[in-house]
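Written below as structure tokens is the structure these notes are about.
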Amino acid sequence: MREDCLFCKIAAGDIPAKMVYEDEKLVVFRDINPQAPQHLLIVPRKHIRTTVDLTTADNELVGHIHQVAGKLAHDLGFADNGFRLVNNCNADGGQVVWHIHFHLLGGREMGWPPG
Ligand code: 5GP
Ligand code: ZN
């Protein structure tokens with residue numbers, strides 16, 4: 001828990017969010033500025049700054065994130081149509097919140113290449 005971190009505070013329940021799923025390793029809540037009909041943020045409880053800061057100790061966590069993404073896509077009804085699971089890393093990647101998170105976007109057809 002980092003006192004100066006928005007997503008640590010949301011994970012701890014200190015700042016409200018529209019929570020969709022929680023377990024001991026991660027929280028999932030709705031993005032405040034949705035870019036698709038379904039736009040969820042999958043956020044580990046552990047404060048990790050970026051994808052570049054992941055270590056082998058986090059391998060199980062990253063696998064769990066992907067497994068939960070698929071389960072939520074299924075439960076919310078867009079797994080078969082398809083979705084995006086996106087991590088924005090560092091400045092060129094468009095990262096603005098410095099606590100690792102994965103965007104789960106669904107409910108519309110996505111364009112490629114991304115902007
Ligand atoms: P990034 O560009 O870092 O990958 O994405 C950060 C995301 O966090 C953005 O999509 C932004 O809308 C979302 N966000 C920023 N502040 C808040 C907040 O206070 N609550 C929620 N639910 N989402 C937020
Ligand atoms: Zn944090």
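Taken together, the values in this text are just the output of simple stated rules run on the coordinates, not laboratory data. Just so it is clear, the structure is predicted and the values come from calculations on it, not from any experiment. No Cβ is skipped: glycine too gets one built from the backbone with ideal geometry, and neighbour counts run over all protein chains shown.
So the values come out like this:
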item: Cysteines (scope the chain) whose Cβ has no counterpart Cys Cβ under 4.7 Å; result: C89
item: All aspartates and glutamates inside 15 Å of K46 as judged from Cα atoms, apart from same-chain residues fewer than 8 positions distant; result: E3, D4, E22, D23, E24, D58, E60
item: Nonlocal amide H pairs with I100, under 5 Å, H built at 1.01 Å; result: I48, R49, T50
item: Under 19 Å from the E60 label point (7 Å along Cα→beta-carbon), backbone N, region 3-33; result: 22-27
item: Pairwise label distance in nanometres, D80 with L6, each label 7 Å out on the Cα-Cβ vector; result: 3.6
item: Gyration tensor verdict on region 18-115 (Cα atoms; rounded if a/c is under 1.5, prolate if a/b is larger than b/c, oblate otherwise); result: oblate
item: Shape of region 1-75, Cα gyration tensor, a/c cut at 1.5; result: oblate
item: Per-residue [θ]222 nm for the chain (sum of -39500 (n - 2.57) over DSSP H runs n ≥ 4, rounded to 500); result: -7500 deg cm²/dmol
item: Ratio Rg/Rh, restricted to region 73-115 and using Cα atoms, in which Rh is the Kirkwood radius; result: 1.03
